[in-house]
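Scroll down for the structure; my scribbles are underneath it.
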Amino acid sequence: PTAEQSRAAPTTPLNYSRDAWHPAQHNNKRRRLQTTTMVDVFLVIAIIVAFAILLIGAVYLLVYYQHPDDHNDAYIPKFVVIFGFVLAGWTVLLFPLDVANNEGYAGCDGYDTAFCGGLNMEALWEAIFWLIPIWIFVLIPFSTFYYEADDGTLMMGTAYGANHVKKSRMAEACCYQLFVFIIVGLIFLVTYLTLSDTKIPVEDYTQSSVRVNALIAGGTYYNYPDLGVNATFSLDALENMGSNDQNYYSQVTDNGSQDIVLQVGVGTFYAGLMAWLGWWLFALFGGVGLAALPLDLILAFVHRPKHMDPVEFSEAQLSLRERVNELVDIGELIKIERDQKANAGIVTSGWSLDSDKRKAARDERQAILGFKQAVFLLEKDVEDFQAMSINYENYNPLIPFISLILGICSCIISLFWFIHICIYVYPDPPLAPFLNNYFEWFDQWFPLFGVLSVAIFVTYLLFCAVKGCFKFGVRFMFFQIHPMKIGKTYMSSFMFNIALVLLCALPVVQFSQEAFSDYAAFSEIRQIFGVQIQYLQFFNFFWTKQIFIYIFMAITVLTSIYLACRPRDQAANPEALRDRLRAHKAGGTS
């Protein structure tokens, strides 16, 4: 060729970096892939087995934890809960499946397919990107409205007035859902029209015609044959980078960085938007859970039910009786206050323009949340007391030891995550690959064991998010907690926890593909989150500056210090709750 040759490459230089191509890394990846045989069949079987396990686990979880009142009712919420659980688990497990599939490798486009899994991961991720917002903003709100709606039959005999009209639960739920759909739809539409452009940075290189002619004359430049005018280009004609290409690249001129502006697809944009929204929750709850989950599992062993002598038994029984009486008194105060407000037509709202009313609503809400927290901890202590007394024969003594083993494993995983973030995610270039090397090392002697390890580390983050939400709610009482209790969990609590897990699923996947970018270099999700979504306007500031990861780590450190000082959950002071309610009642009466 006689004209200047121009090529584009990533802005990261060709040294060790999580975004750079490195020959040694590429060769190691190819060696690892060569140990995998029948990968297509394995991946298909893995999909079937994973889906079956998730479905069976979701049904078992629902049957084992649901409240008896919901046994023959709430079929729509049950459907949403079961498949919401499957969707959340599938979203997380799709990442290690994507890593094993390797369709992000350039050769999978047609010229080097020996190492490719053959699954269309881009289509699978696109389906996930659409299903998650549908579940969070359509199915879960509708099911909640339907579940909480009064069908008009329970109070039929006590309704005031002769012309009582029976309401339709379906119609009432549809009305509320239509309002939610309009608001969410407008937000999604406006954000896509204004924020869907991504600016992908590339490094531009040029090669002078003199050097090109010299390379051709010396036989050190790959000259693609002339196809003629309007010929069809086939990807099968491409080949891997060789020594001639390296010679060409070594003599190019660097023209600096440029931006390629593209508009991402609707599904990809909504994945970025949902990840950005979910990161606010995951950074908080995941950071709390990363420290709290190992501690609570170990404390479950330390404070396991033990045999008590008669004196200890009497003291524990008396303490529980006093706590029950105190909470009964507080419950009566709350009931009396609500009845008086209802009779007087007083509505307490946190959205009032009056600062005094807002303060009164906030105090009332804090008192009620403190009351519910105290009741929950009392029920937990009563269960432990019964396990040491009347239910001692039915108590499984292996449960505390299982908690201890899980606590030790959780402590190791949390520590590994903390170290990996500090030496690989934060520095650029990274100080060491750490877990990436661990995963590849396992794959060398047991194929795909590294992929299973990735699944464990990624799924662990979701458990941390759920644990962190519960722990934060119990300790600080900013919102109502929805604990999962065996045989005592209503569908509303199920749907709250499923919504939380779905909101945190995409941030977990985005964080994992960044943390394991060496090991997941050939995954499709690396191309989606690491390139397209990474440089979306407005959002790119949070991704490139690692704002959420810094928040995540800061909260983990603060939580560790806090739990070191106060390891056990403590119920709200009954005397303080009683005084707050009485003061609130006196203020409202005056």
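The values are calculated or read from the model by the stated rules, or taken from the named source; none is laboratory data. Remember, predicted model here, so these are calculated numbers, not experimental data. Side chains are part of the model used for accessible areas, which takes the heavy atoms of the whole protein and leaves out ligands, DNA and RNA. Shrake-Rupley method; radii C 1.70, N 1.55, O 1.52, S 1.80 Å.
The table that follows gives values for the structure above.
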quantity: Part-to-part distance (alpha-carbon centres) for segment 454-484 and segment 518-550, which is given in Å; calculated: 24
quantity: Average accessible surface area per residue within segment 44-146, 1.4 Å rolling probe, Å²; calculated: 43
quantity: Average projected area [Cα convex hull, segment 440-503], square nanometres; calculated: 6.2
quantity: Computed P(r) (all Cα pairs; segment 519-571; 10 Å bins; percent); calculated: 21, 29, 24, 18, 8
quantity: Carbon/sulfur fraction of accessible area - segment 471-570, other protein chains in place, 1.4 Å, %; calculated: 65
quantity: Measure of compaction for segment 386-494 (Cα Rg per 2.2 N^0.38 Å); calculated: 1.47
quantity: Cα Rg over Rh - segment 488-535, Kirkwood; calculated: 1.22
quantity: Residue-normalised accessible area of segment 495-545, given per residue in Å² at a 1.4 Å probe; calculated: 25
quantity: Segment 32-140: mean projected area of Cα convex hull, nm²; calculated: 8.1
quantity: Additional length obtainable on full extension of the chain from Leu452 to Glu312, 0.36 nm per residue less Cα span; calculated: 45.7 nm
quantity: Segment 437-444 - phi-based ³J(HN,Hα) in whole Hz, Karplus 6.51/-1.76/1.60, Gly and Pro as x; calculated: 5, 4, 5, 5, 4, 5, 5, 6
